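Asker: Sharing a structure with you now.
The values are calculated or read from the model by the stated rules, or taken from the named source; none is laboratory data. What you see is a predicted model; the values in this text were computed from it and never measured. Positions of Cβ are backbone-derived with ideal geometry, glycine not excepted, and every protein chain shown enters the neighbour counts. To get the accessible areas, we keep the full protein, side chains included, count just its heavy atoms, and leave off ligands, DNA and RNA. Shrake-Rupley method; radii C 1.70, N 1.55, O 1.52, S 1.80 Å.
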Amino acid sequence: MKWGVVRFPGSLDDGDALWALRDALGQEAASLWHKDETLGGAECVVLPGGFSYGDYLRCGAIARFSPIMKSVARFAADGGLVLGICNGFQILCEAHLLPGALTRNRSLAFVCDFVNLRVENAATPFTRAARPGELLRLPIKHGEGRYVAPEDELRQLEERGQILLRYVDESGAATDAANPNGAMRSIAGVANERFNVFGLMPHPEHAVEAALGGVAGRKIFESIAGAAR
Amino acid sequence: MRAKVYVTPRKGILDPQGRAVEGALKSLGFGAVGNVRVGRFITLEIDAPSRAEAEIAVRQICERLLANPNIEDFTFEVAAE
Amino acid sequence: MSQAPAALPGEPRVDLAAARSHGLTAAEFAAIERLMGRTPTFTELGVFSVMWSEHCSYKSSRKHLQTLPREGPNVIGGPGENAGAIDVGDGWVAVFKIESHNHPSYVEPYQGAATGVGGILRDIFTMGARPIASMDSLKFGAIDHPRTRYLVNGVVGGIGGYGNCVGVPTVAGELMFDPGYNGNILVNAFALGLARREDLQSARARGVGNPVLYVGSATGRDGIHGASLLASAEFDAGSEAKRPTVQVGDPFTEKLLIEACLEAIKTGAIAAIQDMGAAGLTSSSSEMAGRGGLGVELDLDRVPLREANLSPYEILLSESQERMLIVAEHGREAELAAVFERWDLHAVVIGRITGDGRWRARFKGQVVADIPVAAISDDAPLYDRPAAPPAPLRDSSSPRLTTAISRPDPAAALRALLASPNVASRRWVFRQYDSLVLSNTVAGPGGDAAVLRIKGSRRGLALKVDSNPRACAIDPYLGAVATVCEAARNVACAGARPAAITNCLNYGNPERPEIMWQFVRGVAGLRAAARAFATPVISGNVSFYNETEGRAIPPTPTIAIVGTFADVSLNVKHYFSFPGDAIVLVRTAAPSLAASEYADLFGAADDALTPIDLGRERRLLDGLVECAQRRLIRSAHDVSEGGIAVALAEACFNPAAPAGAEIVPDAIDASVAAWFGEGASSVILSLPAENLKAIHEIFAPLEVRSIGRVTAAPRLKIGRQIDEEVAALMRLYEDALPGRLGRHD
């Protein structure tokens, strides 16, 4: 399937997403420039990790106004698949393509580590290659990944199954100690109501090779590739 | 007393944040904007017998913690409530 | 001789007093007048003062640095360009360098460390290499010193804040606390980049008439006389007042600069490129012209300014960050400008290359500086400063060598060592750094050396930065040798062949003979070890004047070594993974408690360093590489702070699940020095028992001892005296630093 990885000024993991898709997963993937409006026929658009525009005002706040984001919004409205990783998740929230917001980690420090995630809903285009409740070990690396939303919104997310990934411990329990950033309800990744836009703080593109960070990230990309077929 | 503290990048010091915001505003069509500086706004309450004493304390608070004297300036207002 | 520039209105008078206040001596001022054939203008005086400063001219160190081995079959560039480079195979070149940012980091820890990272990255991509890894060597005062916590938080925050945002992984590092650094911390930043050999750039100007382009951030009053002067004089009570406008790092702009410069290099329109580091526009323009034997003319009215009314003096001496100077091929300026525009950066033509060998600057139509390029780039003073050992040989800055008061039992000593700030896990620090971006990190922080793969090739690199100031304080020569040995050993433990060295030599005031002696002895040690290991010194930096009110830091040569893998899949982990594996100790000599962490915690009478036989050290390195290549070993871990007992514990800390180890009684002599001593080069290996014979052959004539085996039960048993649950030791090890420093969970 055809993937497009957007490159904003300050994107950092765009090359890693392209590497993971092309070299590790054998997909067709192209880089999309933020000043262009074309998505190049991509069937899934990836907004990568990084510090777009330095993340100087609020993470993602400036990138959402890039010309390409108009096309991404249109694409999403037409049902196209959009995956936002880390900074990409932050941009999707700022652009109101996903509910909630990502705020400074509870520790007030950047955190780079491997975490355990539990797949909360495996019936989506982004998670269908996983079993419900399956644990995935993925890296996180962010300073502002604490997911917050109003209580009634959280309840709705819960009811509709929009929470796709939660931070858990090795036994699969969503404990406070296993929550690396203080995210509300241990939320690591959420989808929109139509389940065609998904944002997550962990980096699946950094877990696609056994020699570098394991292969749990493949589940996300393989789900998407399968869903589009 | 209630104090309002404004911490801003010192004049002449590079403010990457302000520059990024200014660039974004210009690209959104706000071409008339210039010299954007981004700082912090802090409010706090302080127990003090008089406004003058509160001001002394707030100044110390600013110098010791709220502002980085190497790169930031501060101003504050103290008002009785 | 050209027309002397006129003084600008309001400029201070230039005389010996003015020269002195610029840090120049009477003899240096006389030399300037001789070279110029007249008294310099105030602007010119400023230019000389920075270019002839210790930081820019290496006037006290050059004579000695020239004795270091720089050549080797793999070496491409050497000292002289912005960074050195080695061929790592398949057409790839690794460019790397380490540099100090000590003084700025003490004054303003966050921005000082951040701009240190930014500066070293520019040294790498200015060579045409994409930066792919950073490391840092950090030295702070005693962990309970009132300023330490503030400095650590600032420095670590600054390194992370910059490195994470610029997208270069921080893959390894070093952190030490010692009262010798209470008044002067050390922040040494390393960066490594990869380039295709044909893309390597030069900082040698060519082509009379070629335009000079300014790219990046606008110029402000940042750090005028900052790096150059601050790093060329001691701190005293007045340092606070002399504080220049602090440089603020902008990693976002740096990221744009990296991408734009690498793209611009691909056009072939760049004749020469150099970053504007210390002494900014002055050093970059004069050094490029000097290397090319040419001249340069700058029009200061065209320099992009951040604030109005900067004088020529300020424009020329500003150390604003994230700026590059490019000599473009004539007629191709527009092509380059288009690349930079795409990245929202502006390339501005601010001058041109001339053939007259003069460095000339114009401002408002008037020449404000006109100096022979050679006078500032080549004719800086060269000193052979007197060096003499201190009398008595050891002063109070030597390690605290006291006779043992109370010796804990071995198990208690092991627990105390694992929780000691200089041994404990650095996870609290490196968790704040992105170590994964760019998808090359095979082994990140926390092991013996970081391991990176080179994409699209089987090859890889191992990186390690080390220092050993305690040993250097006892014997600056042996300490430097030991530092090189340790860095090389770490790289070899990972399975890579040590290939080349970059160094950052941190010392006190070189005008004091005993400090100069430390430096000369340190360089001699570095030279001996680099020769013995055939690891040329391809780049480096010297940081003098690390002293406050007459008290110097311990001599601290920081050594970073890069090793190469022909096949990175043969890399070796530092921890035990297979129960039943034999545990083997290989060493070049018996350890001692001198300069050890044990001595620091509990005292020791022994202060004689173990002598080092470089032939045996080389044998150990070659043996480790051979073991990896023949897949004979499952793990290799260097014995360092805390000795064998601590190394065994660390080898049990398998990140997936704790392993255990059982060391048979009497396998290691039952002495405190044998268990906790340092100084000797020792490694702990684990391997299938059937490989034992091969291991003995490989390392002969070194001492190879089978000391025990890896167990499934996660307990560490050493003889009859230590029997500890590994998980409990791991908690001590992991919790110590955040407990002492942290506010983060």
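Asker: Of the options C:PRO738, C:ALA499, C:TRP675, report the single residue whose Cα projects farthest towards the positive end of the charge dipole of chain C (beta-carbon charges: Lys, Arg +1; Asp, Glu -1).
Answerer: C:ALA499
Asker: Then there's this: For the range A:88-108, list whatever residues lose no less than 30 Å² of accessible surface once every protein chain is in place, relative to that chain by itself, with the probe at 1.4 Å.
Answerer: Residues shielded by partner chains are A:SER107.
Asker: Comparing the chain by itself with all protein chains present, which residues of the range A:31-73 are at least 30 Å² less accessible (probe 1.4 Å)?
Answerer: With the partner chains in place, the range A:31-73 has these residues losing at least 30 Å²: A:TRP33, A:LYS35, A:PHE51, A:TYR53, A:TYR56, A:LEU57, A:ILE62, A:PHE65.
Asker: Ok, one more. What is the packing order of peptides C:84-90, A:197-203, taking the mean over residues of other C-beta atoms within 10 Å and listing the highest first?
Answerer: Descending packing order for the listed peptides: A:197-203, C:84-90.
Asker: Could you give each residue of the range C:633-641 its phi-based ³J(HN,Hα) in whole Hz, using Karplus coefficients 6.51, -1.76, 1.60 with θ = phi - 60°, and x for Gly or Pro?
Answerer: 10, 9, 7, 8, 9, 6, 8, 10, 3
Asker: Once phi is turned into ³J(HN,Hα) by the Karplus curve 6.51 cos²θ - 1.76 cosθ + 1.60 with θ = phi - 60°, what whole-Hz value does each residue of the range C:248-256 show in order, with x for glycine and proline?
Answerer: 10, x, 10, x, 5, 5, 4, 4, 4
Asker: Moving to a separate point now. How much area per residue is accessible in chain C when the probe is 1.4 Å and only protein heavy atoms are counted (Å²)?
Answerer: In whole numbers, chain C has 32 Å² accessible per residue.
Asker: Considering the options A:LEU164, A:PHE75, A:VAL115, tell which one lies farthest towards the positive end of the dipole of chain A, charges being +1 on Lys and Arg and -1 on Asp and Glu at the Cβ, about the Cα centre.
Answerer: Selected residue: A:PHE75.
Asker: Also, quick follow-up: Please work out, to two decimal places, the log10 of the ratio I(q)/I(0) at q = 0.05, 0.07, 0.08, 0.09 Å⁻¹ from a Debye calculation in which every Cα of the protein assembly as shown carries one identical scatterer.
Answerer: -0.31, -0.63, -0.83, -1.06
Asker: Continuing with the same structure: State which entries of B:LYS26/C:LYS255; C:LYS255/C:LYS455; A:LYS141/C:LYS97; C:LYS573/C:LYS693 exceed 23 angstrom in Cα-Cα distance in the structure shown.
Answerer: A:LYS141/C:LYS97
Asker: Please work out the C-alpha center-to-center distance from the range C:277-325 to the range A:74-88 and express it in whole Å.
Answerer: 45 Å
Asker: Separate question: Using the per-residue mean of other Cβ atoms lying within 10 Å as a proxy for protection, in what order, highest first, do the peptides C:688-701, C:648-661 fall?
Answerer: For the peptides C:688-701, C:648-661, the packing ranking is C:648-661, C:688-701.
Asker: Can you list residues from other chains, or at least 5 along the same chain, whose modelled amide H is less than 5 Å from the amide H of C:ASP379?
Answerer: Result for C:ASP379 returns nothing.
Asker: Search the structure for amide H atoms under 5 Å from the amide H of C:SER635, placed 1.01 Å from N in the peptide plane, and list their residues when 5 or more places away or on another chain.
Answerer: Those qualifying (amide H under 5 Å, at least 5 residues apart or on another chain) are C:SER686.
Asker: Dividing the Cα radius of gyration by the Kirkwood radius, what Rg/Rh value follows for the range C:86-214?
Answerer: Working: Rg = 17.1 Å, Rh = 15.8 Å.
So for the range C:86-214, dividing Rg by the Kirkwood Rh gives 1.09.
Asker: If you find the alpha carbon centre of the range C:76-142 and of the range C:560-609, how far apart are they in angstrom?
Answerer: After rounding, the separation between the Cα centres reads 27 Å.
Asker: Computed on protein heavy atoms with a 1.4 Å probe, what is the summed buried accessible area for the chain pair C and A, in Å² to the nearest 100?
Answerer: Interface between C and A: roughly 2600 Å².
Asker: Now for a separate question. In peptide C:107-113, how many Cβ atoms from other protein chains are near each Cβ within 10 Å, on average?
Answerer: Mean inter-chain Cβ contacts per residue within 10 Å come to 2.
Asker: Something else about it: If you take the square roots of the eigenvalues of the alpha-carbon gyration tensor of chain C and sort them as a ≥ b ≥ c, do you get rounded (a/c under 1.5), prolate (a/b over b/c) or oblate?
Answerer: It comes out prolate by the Cα gyration axes.
Asker: Give, rounded to the nearest 20 debye, the magnitude of the charge dipole that the range A:85-134 has about its Cα centre when Lys and Arg contribute +1 at Cβ and Asp and Glu contribute -1 at Cβ. Write down the numbers at each step before the final one.
Answerer: On the way: 5 positive and 4 negative charges, 17 e Å.
With only Lys, Arg, Asp and Glu charged at Cβ, the dipole is about 80 debye.
Asker: How many percent of the accessible area of the protein assembly as shown is carbon or sulfur, using a 1.4 Å probe?
Answerer: Here it works out to 51 percent.
Asker: Please calculate how many Å² of accessible area the range A:2-228 carries per residue, with a 1.4 Å probe and no DNA, RNA or ligand atoms counted.
Answerer: I get 34 Å² per residue for this part.
Asker: Would you mind checking the tilt of helix C:280-291 against the longest principal axis of the Cα atoms of chain C, expressed as 0 to 90 degrees and rounded to 10?
Answerer: 90 degrees
Asker: Shifting gears a bit: Could you tell me which of C:PRO591, C:LEU614, C:ILE633 has its Cα farthest along the dipole of the range C:522-647 towards the positive end, charges placed at Cβ (Lys, Arg +1; Asp, Glu -1), taken about the Cα centre?
Answerer: C:ILE633
Asker: A further question follows. For the range B:2-79, report the translational diffusion coefficient in µm²/s to the nearest whole number, using Stokes-Einstein at 20 °C, 1.002 mPa s, and a Kirkwood Rh over Cα pairs.
Answerer: On the way: Rh = 14.0 Å.
Using the Kirkwood radius from Cα pairs, D works out to 153 µm²/s.
Asker: Spelling out what I want: for every residue of the range C:135-149, take phi, set θ = phi - 60°, compute 6.51 cos²θ - 1.76 cosθ + 1.60 (Karplus), and round to whole Hz; glycine and proline get x.
Answerer: Those phi angles translate into 9, 9, 10, 10, 10, 10, x, 3, 5, 9, 5, x, 8, 4, 4 Hz.
Asker: Check which residues have an amide H placed less than 5 Å from C:GLY540's amide H, if you skip close sequence neighbours.
Answerer: Amide H neighbours of C:GLY540, under 5 Å, 5+ apart: C:ILE98, C:ASN503.
Asker: Nearest 100 Å² is fine: how much accessible area is buried between A and B, summed over both sides, with a 1.4 Å probe?
Answerer: In total, chains A and B hide about 500 Å² from solvent.
Asker: Probe of 1.4 angstrom, ligands and nucleic acids ignored: what's the accessible area per residue over the range B:1-80, in square angstrom?
Answerer: Working: 4800 Å² over 80 residues.
Per residue, the range B:1-80 has an accessible area of 60 Å².
Asker: When Cβ neighbours within 10 Å are restricted to other protein chains, what is their mean count per residue of peptide B:17-25?
Answerer: 6
Asker: With +1 assigned to the C-beta of every Lys and Arg and -1 to the C-beta of every Asp and Glu, and no other charges, what is the dipole magnitude of the protein assembly as shown about the Cα centre in debye, to the nearest 20?
Answerer: My answer is approximately 1120 debye.
Asker: Using only Cα atoms and rounding to the nearest 10 degrees, what angle (0 to 90) does helix C:26-36 make with the longest principal axis of chain C?
Answerer: The answer is roughly 50 degrees.
Asker: Can you give me the angle between helix C:333-342 and the longest principal axis of chain C, using Cα atoms only, in degrees from 0 to 90, rounded to the nearest 10?
Answerer: 50 degrees
Asker: OK, next. Using a cut-off of 18 Å between alpha-carbon atoms, which lysines can reach A:LYS219, once sequence neighbours fewer than 8 places away in the same chain are excluded?
Answerer: Partners within reach: A:LYS2.
Asker: Continuing with the same structure: Just tell me how shielded C:163-175 is by partners: mean number of partner chain Cβ atoms within 10 Å of each residue's Cβ, no decimals.
Answerer: Counting Cβ atoms of other protein chains within 10 Å of each residue's Cβ and averaging gives 3.
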